[in-house]
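The values are calculated or read from the model by the stated rules, or taken from the named source; none is laboratory data. From a predicted model like this one, the values you see are computed outputs, not experimental measurements. Here the Cβ is made from the backbone with ideal geometry for all residues, glycine too, and neighbour counts use every protein chain on show.
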């Protein structure tokens, strides 16, 4: 596992890994990545069913890489804290799934984890800018939530840029994470827009050498972010 003080976060999505050997898949990239992204889907909020608490618990026991849990589920108020209690480093839940995101964020922080707010493809970020101080991470989807392997939508980077401007103007210590279609062809665009955490699925686990693929993605993101060394979110992990 890399030094957690790295300014750029690379978070391979285990959705693209071999589900029969998740511990081995985590180990393959552990020296080159910062987080492991765990996509939790309930077949209600999104039409797909993936990983849940038992898998998160098993992963936490088998790897030292921080787990970044992305909850694409109904009723996060009921379930989110459970992932914190299992040892997740960051738990992001969808704004579209709750009427009270601030309370969930406070409960997550009280449980000892970072709190993340996820924004789906069709949701404007503007309505949530004022509550960003309650969060550690803003996860902006660059596809429609629910399935991996979709094509990156560059027009959604306008949300990233807006959120980064807001975070900088308010001196917020905020990670802006992008998820969906991140690859060697798209990561520089996302980094230039203001993202500093990058979820990559097939771009990492679809490569013959996942660790090397993650390392190259970091190099690209670092190069694209170089002019923005004043980013206030670069010093906290």
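Tabulated results
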{"item": "Test: residue 116 is surrounded by 18 or more Cβ atoms within 10 Å (Cβ to Cβ), under 15 Å from the mean Cα position of the chain (by Cα) and at pLDDT below 95", "result": "no"}
{"item": "Condition met for residue 95 (surrounded by fewer than 23 Cβ atoms within 10 Å (Cβ to Cβ), within 26 Å of residue 23 (Cβ to Cβ), touching a helix residue (DSSP H, G or I) at 6+ places or on another chain (Cβ under 8 Å) and without any contact (Cβ under 8 Å) to a residue 40 or more places away in the chain)", "result": "no"}
{"item": "Output for segment 27-54, where each listed residue is part of a loop (DSSP other than H, G, I, E, B), more than 11 Å from residue 12 (Cα to Cα), in contact with a helix residue (DSSP H, G or I) (Cβ under 8 Å, 6 or more places away or on another chain) and touching a residue at least 40 places away in the same chain (Cβ under 8 Å)", "result": "31, 45"}
{"item": "Counted residues, segment 61-89 - those being farther than 21 Å from residue 106 by Cα and either surrounded by fewer than 16 Cβ atoms within 10 Å (Cβ to Cβ) or modelled with pLDDT under 95 (or both)", "result": "3"}
{"item": "Selected residue [under 22 Å from residue 9 (Cβ atoms), outside any loop (DSSP other than H, G, I, E, B) and in contact with a helix residue (DSSP H, G or I) (Cβ under 6 Å, 6 or more places away or on another chain)] from 162, 117", "result": "117"}
{"item": "Matching residues in segment 121-143 - criterion: being in a loop (DSSP other than H, G, I, E, B), touching a helix residue (DSSP H, G or I) at 6+ places or on another chain (Cβ under 7 Å) and closer than 18 Å to residue 175 by Cβ", "result": "125, 135, 142"}
{"item": "Residue count, segment 144-166 (criterion: surrounded by 22 or more Cβ atoms within 10 Å (Cβ to Cβ) and over 17 Å from the mean Cα position of the chain (by Cα))", "result": "0"}
{"item": "Filter result (in contact with a helix residue (DSSP H, G or I) (Cβ under 7 Å, 6 or more places away or on another chain) and surrounded by fewer than 23 Cβ atoms within 10 Å (Cβ to Cβ)) within segment 200-212", "result": "202, 205, 206, 207, 210, 211"}
{"item": "Checking residue 88 against (1) without any contact (Cβ under 8 Å) to a residue 40 or more places away in the chain; (2) more than 24 Å from residue 157 (Cβ to Cβ), the condition it does not meet", "result": "(1)"}
{"item": "The one condition in (1) at pLDDT below 95; (2) surrounded by fewer than 21 Cβ atoms within 10 Å (Cβ to Cβ); (3) touching a strand residue (DSSP E or B) at 6+ places or on another chain (Cβ under 8 Å) that residue 131 fails to fulfil", "result": "(1)"}
